[in-house]
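Data first, discussion second: the structure below is written as structure tokens.
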Amino acid sequence: MDAKILVVDDEAAIADLVEVYLQNEGCTVYKYYTAEEALHCIETETLDLALLDVMLPGTDGFAICRKIRESHTYPVIMLTARGEEMDKINGLTLGADDYITKPFSPLEMVARVKAQLRRARRYNDGNHQPSADVIDFSGLVINRATHTCTLNERPLSLTPTEFNLLWLLCENRGKVMNCEDLFHQVWGEKYFTNSNNTVMVHIRHLREKMGDTADKPKYIKTVWGVGYKIDG
């Protein structure tokens, strides 16, 4: 897998297990049990993905995610306790790309990490043809070849998941995309009832970054009971 991954969990048994499985996949793992050590790593190392436990002593995983999103767009996966739906919503709102509920299967964790890395690298490899990979309308320019996006010449710092979601909406502008299709195409996983919350939070985060609002949207519009669309 050849990736540099930050792992933060105060439960040593879990952190050590995650480390072993990721190292077996060829990853370089930066493992920490406290947020303070992890924050230093974020500032000094070039990372490809972060795997953060929500519940940490002192500074929690949400604060680490927030710090990452100040300067970086690499994928962030949150580890949450079973049934803590608000943890998932809060993490996604802060810019996390995915969440894994404890207790989890190490193989599932590896699969989720690989999926996020694939999405991130797919839109950063620079191998796409510009003519097919640039969408430009109404002041919004999104370039899949360079993984850049600007709105009225203002750069938007998007996570890989946010970028993929916005690209899909732009690529299908004028059409209504239902939540199930969006989730399946962006996350590549089976759709469940609570998957709608995942899509909703990412849409809200995109709107915030674009200066858009749900009640009077200029770009991402809600079609109640159906899904979302961007008019071209």
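The values are calculated or read from the model by the stated rules, or taken from the named source; none is laboratory data. The shown structure was predicted, so the numbers you read here are calculated from the model rather than taken from an experiment. Every residue, glycine as well, gets a Cβ built from its backbone with ideal geometry; the counts of neighbours run over all protein chains shown. Note: areas computed on protein heavy atoms with side chains; ligands, DNA, RNA excluded. Shrake-Rupley method; radii C 1.70, N 1.55, O 1.52, S 1.80 Å.
Summary table
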{"read-out": "DSSP beta bridge pairing in the chain, given as percent antiparallel to the nearest 5", "value": "50"}
{"read-out": "Helical mean residue ellipticity (222 nm; -39500 (n - 2.57) per DSSP H run of 4+; nearest 500) of the chain", "value": "-13000 deg cm²/dmol"}
{"read-out": "Three-way shape call for segment 1-80 based on the alpha-carbon gyration tensor, with the a/c threshold at 1.5", "value": "oblate"}
{"read-out": "Solvent-accessible area, 1.4 Å probe, carbon plus sulfur percent, for segment 1-99", "value": "49"}
{"read-out": "Sites LYS175 and THR44 - FRET efficiency at Förster radius 45 Å, r taken between beta-carbons, to 0.05", "value": "0.50"}
{"read-out": "Segment 99-232: C-alpha gyration tensor shape, a/c 1.5 cut-off, then a/b vs b/c", "value": "oblate"}
{"read-out": "Partners for LYS175 among lysines (Cα-Cα distance below 28 Å; same-chain residues under 8 apart left out)", "value": "LYS190, LYS209, LYS216, LYS218, LYS221, LYS229"}
{"read-out": "Potential lengthening between LEU168 and ASP10 on full extension [0.36 nm per residue; Cα-Cα distance subtracted]", "value": "53.2 nm"}
{"read-out": "Nearest 10 degrees, 0 to 90: helix 160-171 Cα axis against the chain principal axis", "value": "20"}
{"read-out": "Segment 158-232-segment 1-53 distance, computed between alpha-carbon centres (Å)", "value": "30"}
{"read-out": "Degrees, to the nearest 10: 106-122 long Cα axis against longest axis of the chain", "value": "40"}
{"read-out": "Segment 31-125: trypsin sites (Lys or Arg not before Pro) in DSSP coil with no more than 11 other Cβ atoms inside 10 Å", "value": "ARG82"}
